[in-house]
1. Charges only on Cβ, +1 for Lys and Arg, -1 for Asp and Glu: so what's the dipole of region 63-185 about the Cα centre, in debye to the nearest 20?
2. Restricting attention to region 43-127, which GluC sites (Glu not before Pro) occupy a DSSP loop and are surrounded by at most 13 other Cβ atoms within 10 Å?
3. For region 54-203, with the dipole built from +1 on Lys and Arg beta-carbon atoms and -1 on Asp and Glu ones, taken about the Cα centre, which of V166, L91, L129 lies farthest toward the positive end?
4. For K137, list the aspartates and glutamates whose Cα falls under 17 Å from its own Cα; do not include residues on the same chain fewer than 8 positions away.
5. Compute the length gained on full extension between K82 and V135: take 0.36 nm times their separation in residues and subtract their Cα-Cα distance, giving the result in nm to one decimal.
6. Would you work out the charge dipole size for region 35-111 about its Cα centre, treating the Cβ of every Lys and Arg as +1 and the Cβ of every Asp and Glu as -1, and quote it to the nearest 20 debye?
7. Taking the Cβ of each residue in F86, F205 as the centre, tally the other Cβ atoms inside 10 Å and list the residues starting with the fewest.
8. Can you tell me the length gained on complete extension of the stretch Q40 to L183, counting 0.36 nm per residue apart and subtracting the Cα distance?
Amino acid sequence: MPRTLLPLFAAAAACLLAGCMSPSIDDSARIGPFYKPTNQVGDAQLPSTLHRVVVLPISGGEVAPAESAAALDPVFITELQKENRFEIVALSRDECRLRFHVDEFRSTGVLPHDFVAILQREHAADAVLFIDLTVYKPYRPITIGVRTKLATLGNDVRLLWTFDNVFSADDPAVANSARRHFLNADRGGVPADLTPSALQSPARFAAYVAAATFATLPPVYTPAGFKPAKETSKSSANPQAR
């Protein structure tokens, strides 16, 4: 065999060994069964006055190292932006430390007495979103537990939406859903089935978890009735965009 063909042959062999063709029409990533989170409570729709939300850094608490929680911050922000429910102000850990002298807040913890006032003054925010990790196992089978709370700011502080769920790649329905999340992702021109990487990479699996979590947010209220937020509002990580 000519030496110039060796790299091509090796790449093809590796591709075949990895089972790299796109999933077949009857692949479980296409036909399921799929996982649908059910442990969430919220208003029937988000209020029309909800425009800007401060998203706090993910709290790893005692279940995840600080660096692991920090690495998931942009993953969750990206998936939340895709939902287009409201304008997003992502509070960095540095700013959190500067304003409140801590890196993160847990939704079940005690908040500073001036917490609400600072978020309103600094960001003109209407609500705040807490994201807690309740389980974090980055090794196969990857398992991530998430608890979120969306609360209004101002004189009438109340919860608009809460979510608490554990996603385990050991559950076939969860694995199918995680793979489906990446089924149509850009493969960079490579004719490969990269969906199994969603079950091997904590960041990729977390992207599915975040997408499934934020998909349960209530729809946005409009005077014309109930419409998906993707059709009625825009989101931005730029606090000056409003």
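1. Using Cβ point charges on Lys, Arg, Asp and Glu, region 63-185 gives about 300 debye.
2. Counting only loop positions with at most 13 other Cβ atoms within 10 Å, the GluC sites (Glu not before Pro) in region 43-127 are E62.
3. So the residue we want is V166.
4. E62, E67, D73, D164, D170, D171
5. Computed gain between K82 and V135 is 16.7 nm.
6. 200
7. Result, fewest neighbours first: F86, F205.
8. Here the segment from Q40 to L183 would lengthen by 48.9 nm.
Since every read-out is calculated from the coordinates, none of them should be taken as a lab result. Nothing here was measured: the structure is a model prediction, and the numbers come from that model. Note that each Cβ is placed from the backbone with ideal geometry, even for glycine, and that neighbours are counted across all protein chains shown.
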